[in-house]
């Protein structure tokens, strides 16, 4: 487990032919039922990211950039968040290789989930 875990929500979207990657995060305390903590806090982060994405629609049409893997939730160590995530984000914004992005995230993150919505269940996390 990461020494200083950080829960990060990521959206992979395109607007007017340009890739965007809104990111939001929160530190997570250790102990307790960690999976339930990730689920609870992750849903809040995902909701925040989606509200930010919706706000951008005023500037033009937005579409998902990687189908059902366009909204992600990760657990990453704070040090890796600061040292590695900016480069991964920059590469995706430049080249748009979503498979490489997922591979890189899986290498540096303790956990990576794709986030989707199921009508009766609500926000659902599926581990990648």
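The values are calculated or read from the model by the stated rules, or taken from the named source; none is laboratory data. Being a predicted model, the structure only gives us computed values, none of them experimental. In this analysis, Cβ positions are derived from the backbone assuming ideal geometry, glycine residues included, and neighbour counts consider all displayed protein chains.
Just to be sure before I move on: is residue 29 surrounded by 11 or more Cβ atoms within 10 Å (Cβ to Cβ), more than 12 Å from the chain's Cα centre (by Cα) and either at positive phi or free of Cβ contacts under 8 Å to residues at least 60 places away in the same chain (or both) in the structure I sent?
no
From the list 37, 14, which residue is surrounded by 15 or more Cβ atoms within 10 Å (Cβ to Cβ) and part of a helix (DSSP H, G or I)?
Working: 14 fails: part of a helix (DSSP H, G or I).
So the residue among 37, 14 that is surrounded by 15 or more Cβ atoms within 10 Å (Cβ to Cβ) and part of a helix (DSSP H, G or I) is 37.
So in the range 72-98, with the set limited to residues that are within 24 Å of residue 16 (Cα to Cα) and under 14 Å from the mean Cα position of the chain (by Cα), which one is surrounded by the fewest Cβ atoms within 10 Å (Cβ to Cβ)?
It comes out as 86.
Checking the conditions here, which among 23, 123 is within 19 Å of residue 4 (Cβ to Cβ) and either surrounded by 11 or more Cβ atoms within 10 Å (Cβ to Cβ) or modelled with pLDDT under 95 (or both)?
After applying the criteria, what remains is 23.
Out of 61, 66, report the one residue that is loosely packed, with under 15 Cβ neighbours inside 10 Å and either over 15 Å from the mean Cα position of the chain (by Cα) or under 16 Å from residue 113 (Cβ atoms) (or both).
None of the others qualify; the one that does is 61.
Tell me which residues, restricted to the range 99-120, are exposed (fewer than 13 other Cβ atoms within 10 Å of the Cβ) and within 17 Å of residue 20 (Cα to Cα).
99
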